[in-house]
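Some notes on the structure that comes next.
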Amino acid sequence: MIYFISLSAIFLVMVFIGIFNQKVDWGHPVMNWLDGWNRFCCRWYHGLAIGKIKLPNGPLLLISNHYSGLDPFLLIAACDRPLRFLIAKEEYERPFLNKMFKLAGCIPVDRLGRVEAAFREALKNLKQGEVVALFPHGKIHLADEEFKPLKKGVFKLAALSKSDIHPFHIQGVSMQGTVVSSVFVPGRVKISPLKVYSAQEVQDPLIQHQLACELLGLPEEPQ
């Protein structure tokens with residue numbers, strides 16, 4: 001009986017934490033509960049200030065540097081709107097996680113094949129007024145690695161949807177460069193908003209280079 005009562009109490013506490021900390025309506029009760037737990041963990045385990053990013057209404061592209069596997073969870077926890085992430089197809093199709101990715105409205109990208117389907121889906125989401133989030137370096141890329149330009153797809157999406165680009169810089173993540181370890185090692189994370197660029201501005205190659213430097217927290221270097 002004591003064992004049953006203890007399990008019931010733990011279950012109720014877990015339900016309460018998810019419901020109490022949920023800030024965004026994902027359109028599904030399970031995702032709403034997970035939203036609460038994600039915000040709870042990012043705040044108390046990784047030191048992130050929750051709900052500090054107030055995104056405007058309407059379609060927009062959210063981009064950031066990509067230091068670890070924790071990054072998308074941090075951005076979701078910090079924002080006040082659902083984020084529709086572009087993620088690698090092989091990650092999207094992982095057993096047990098695929099259902100969650102679908103409920104979250106993630107968009108799978110076949111990095112080894114044709115990306116047109118993902119591009120069309122992202123454009124559809126933007127035209128419906130959603131926030132599409134992506135890491136424009138294409139994969140985990142640290143500031144001390146060889147400089148890489150941003151993928152051109154983000155600028156094409158901005159042009160076709162006439163959406164502003166809202167960039168952010170993530171810092172303070174432990175175990176940078178890892179996918180799994182960064183999730184379990186506590187840190188002191190800060191997410192800083194950068195200058196917002198219009199769809200027209202980011203068609204300039206000089207602005208694209210400047211944005212790539214800003215995302216990594218680097219001084220602008222000659223191309």
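The values are calculated or read from the model by the stated rules, or taken from the named source; none is laboratory data. Bear in mind that the values here come from a model prediction, so they are computed numbers and not experimental data. Note: ideal-geometry Cβ built from the backbone for every residue, glycine included; neighbour counts use all protein chains shown.
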Test: residue in the stretch 128-142 that is of a type in the set (Gly, Ala, Ser), within 21 Å of Pro167 (Cβ to Cβ) and loosely packed, with under 13 Cβ neighbours inside 10 Å
yes
Does the stretch 38-64 hold any residues that are farther than 22 Å from Leu86 by Cα and either surrounded by fewer than 16 Cβ atoms within 10 Å (Cβ to Cβ) or in contact with a strand residue (DSSP E or B) (Cβ under 6 Å, 6 or more places away or on another chain) (or both), and which are they?
Trp44, Tyr45, Gly47, Ala49, Lys52
Look at the stretch 83-109 and say how many of its residues are more than 21 Å from Trp33 (Cα to Cα) and part of a helix (DSSP H, G or I).
3
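Here's the yes/no breakdown for (1) under 15 Å from the mean Cα position of the chain (by Cα); (2) part of a loop (DSSP other than H, G, I, E, B); (3) of a type in the set (Lys, Arg):
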site	(1), (2), (3)
Lys139	yes, yes, yes
Ala143	no, yes, no
Glu146	no, yes, no
Leu150	no, yes, no
Ala158	no, no, no
Phe168	yes, no, no
Val202	no, no, no
His209	no, no, no
Suppose we keep only residues that are part of a helix (DSSP H, G or I) and not small (Gly, Ala, Ser) within the stretch 211-223. Which one would you say is surrounded by the fewest Cβ atoms within 10 Å (Cβ to Cβ)?
Cys213
Just to be sure I understand, how many residues within the stretch 6-22 are closer than 20 Å to Trp44 by Cα and loosely packed, with under 15 Cβ neighbours inside 10 Å?
9
Output the number of residues of the stretch 119-137 satisfying the condition of being within 14 Å of Leu83 (Cβ to Cβ) and in a helix (DSSP H, G or I).
3
Answer yes or no: is there a residue in the stretch 177-198 that is under 26 Å from Leu218 (Cβ atoms), part of a loop (DSSP other than H, G, I, E, B) and of a type in the set (Lys, Arg).
yes
Within the bounds of the stretch 103-111, is there any residue that is within 23 Å of Leu61 (Cα to Cα) and over 17 Å from the mean Cα position of the chain (by Cα)?
yes
Just one of the numbered conditions (1) touching a helix residue (DSSP H, G or I) at 6+ places or on another chain (Cβ under 8 Å); (2) surrounded by fewer than 17 Cβ atoms within 10 Å (Cβ to Cβ) is not true of Val189; which one?
(2)
Quick one: count up the residues across the stretch 38-56 that are modelled with pLDDT of 90 or more and on the phi < 0 side of the Ramachandran plot.
13
Could you check the stretch 47-65 and list, in sequence order, the residues that are in a loop (DSSP other than H, G, I, E, B) and closer than 12 Å to Ile191 by Cα?
Gly47, Leu48, Ala49, Ile50, Gly51, Lys52, Asn65
Is there any pair with a first residue in the stretch 113-135 that is in contact (Cβ under 8 Å) with a residue 12 or more places away in the chain and a second that is among the charged types (D, E, K, R) and not in a loop (DSSP other than H, G, I, E, B) whose Cβ atoms are under 8 Å apart and which are 6 or more apart or on different chains, and what are they?
Phe119/Lys156; Ala122/Arg84; Asn125/Arg84; Glu130/Arg84; Val131/Arg84; Val132/Arg84; Ala133/Arg84; Phe135/Asp71
Of the conditions (1) touching a Leu at 6+ places or on another chain (Cβ under 7 Å); (2) on the phi > 0 side of the Ramachandran plot, Pro167 clears all except one; give me its number.
(2)
Against the condition at pLDDT 95 or above, touching a strand residue (DSSP E or B) at 6+ places or on another chain (Cβ under 7 Å) and charged (D, E, K, R), how does Asp35 come out, does it pass?
no
